[in-house]
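**Student:** Let me begin by handing over the structure; questions about it come next.
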Amino acid sequence: MIKETLEALNSASGSLQDVARRLKITQDELRGRLDVLESHGYVEKRDMATPDCGGTCCGCNASCNMSDGMFSYYITNKGMRAIFRPAKHNS
């Protein structure tokens, strides 16, 4: 669930609705996943009224996606490592 959600968030641009559609889950389920990811340090929820990047969220390549209102979810370094970590193989 962690890697799948982070990959969808990282590759999507636009709204949480787009991410939820990609994952084939409801927006409420996605918000629940994002709450869990945030509590474990994989994403940060940021207030876009004062964006850290200095932009106005017009579609840059940052690892964030718009949420409800003026918030975005930013994938942390820990989250990016989880996306690109090779899968463990059971031998």
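**Student:** Considering only region 32-55, how many residues are of a type outside the set (V, I, T) and either at pLDDT 90 or above or in contact with a helix residue (DSSP H, G or I) (Cβ under 7 Å, 6 or more places away or on another chain) (or both)?
**Tutor:** The qualifying residues number 12.
**Student:** Let me ask something else. Against the condition surrounded by 15 or more Cβ atoms within 10 Å (Cβ to Cβ), touching a Cys at 6+ places or on another chain (Cβ under 9 Å), of a type outside the set (A, V, I, L, M, F, W, C) and at pLDDT 75 or above, how does Y74 come out, does it pass?
**Tutor:** Answer is yes for this residue.
**Student:** Pairs, please: C-beta under 7 Å, at least 6 apart or cross-chain, first residue without any contact (Cβ under 8 Å) to a residue 60 or more places away in the chain and in region 21-38, second not in a helix (DSSP H, G or I)?
**Tutor:** Final answer for the pair search is R22/A12; R33/M1; L34/V43; L34/Y73; L37/V43; E38/E44; E38/K45.
**Student:** Looking at region 18-27, can you tell me whether even one residue there is of a type in the set (S, T, N, Q) and farther than 21 Å from N77 by Cα?
**Tutor:** Yes, region 18-27 has at least one match.
The values are calculated or read from the model by the stated rules, or taken from the named source; none is laboratory data. Computed from a predicted model, the values in this text were never measured in an experiment. With ideal geometry, Cβ positions are generated from the backbone for all residues, glycine too; neighbour counts draw on all protein chains shown.
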